[in-house]
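Read through the structure below, which is laid out as structure tokens, and then see the notes.
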Ligand SMILES: [Cu+2]
């Protein structure tokens with residue numbers, strides 16, 4: 001079993017990202033890859049024979065490099081930290097969670113095929129139509145009362161494309177804590193920053209479209225609901241599962257929503 005190439009190294013003037021991990025506990029770290037190339041993450045503890053073989057690889061692509069640099073210039077201009085940074089933070093969290101959970105325990109097979117994380121593969125686009133059945137129907141994509149479940153891996157960026165397809169009624173969409181559908185007028189912050197359409201209570205008119213983006217940063221089961229008073233309790237809600245074990249987004253029943261991973 002051969003040792004991996006050296007990681008990003010202070011001697012070369014590059015930053016090394018490092019965290020101590022307590023068994024059974026997740027840790028997080030944020031970093032921004034600034035140069036395309038192949039990098040290695042590895043266990044730096046040497047209290048036993050196996051630690052030196054716990055390693056994997058992160059590929060930073062040239063395309064991502066260009067987009068990150070664009071984001072950096074935005075930030076220097078006084079804008080917010082962008083979705084690109086949120087995605088990259090999510091990748092870092094996923095890696096460290098996997099290490100803490102022992103998911104990357106070293107084996108001979110692992111040394112033969114290191115896990116490779118492609119930064120560009122952590123975004124899911126989900127299309128949701130409100131009132132798809134028309135005529136005042138309280139549904140998302142034709143599904144009511146939790147009959148549709150969208151699943152995304154924890155740490156992924158989720159881009160929700162929402163459109164009100166109904167005939168007479170306004171509709172909206174937000175990801176809320178589980179149980180929010182029991183409120184006549186769902187209120188409070190969405191489960192994740194940014195996980196809501198604007199004018200949540202007033203809703204969008206027929207044909208209105210909005211896209212919002214959020215980072216599915218915490219595993220769990222959530223409601224996505226319409227915020228127009230009376231709609232959620234009338235059935236206009238379904239479920240979002242942020243999974244700590246799934247490695248790709250999905251929907252149940254199959255085909256209930258259009259999902260594409262990037
Ligand atoms: Cu509605």
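A short reminder: the numbers here are calculations on the coordinates, not readings from a lab. Just so you know, these numbers come straight off a predicted model, no measurement behind them. Using ideal geometry, Cβ is built from the backbone for each residue, glycine included, and neighbour counts are taken over all protein chains shown.
A simple packing score, the average count of other Cβ atoms within 10 Å per residue, orders the peptides 233-239, 255-261, 213-219 as 233-239, 213-219, 255-261, with the highest score first.
Once both labels are positioned 7 Å from their Cα atoms along Cα-to-Cβ, the gap between residue 258 and residue 218 label points is 3.2 nm.
Taking only the C-alpha atoms of region 145-262, the Rg (one decimal) and the largest Cα-Cα distance, Dmax (whole number), read 13.3, 41 Å.
Give me the compactness ratio for region 176-227, meaning the Cα radius of gyration over 2.2 N^0.38 Å. Before the final figure, lay out each step's value.
On the way: Rg = 11.4 Å, N = 52, 2.2 N^0.38 = 9.9 Å.
That ratio works out to 1.15.
Label sites at residue 132 and residue 206, each approximated as a point 7 angstrom past Cα along Cα to Cβ, lie 1.9 nm apart.
Extension gain, residue 187 to residue 246: 0.36 nm times the residue separation minus the Cα-Cα distance gives 18.3 nm.
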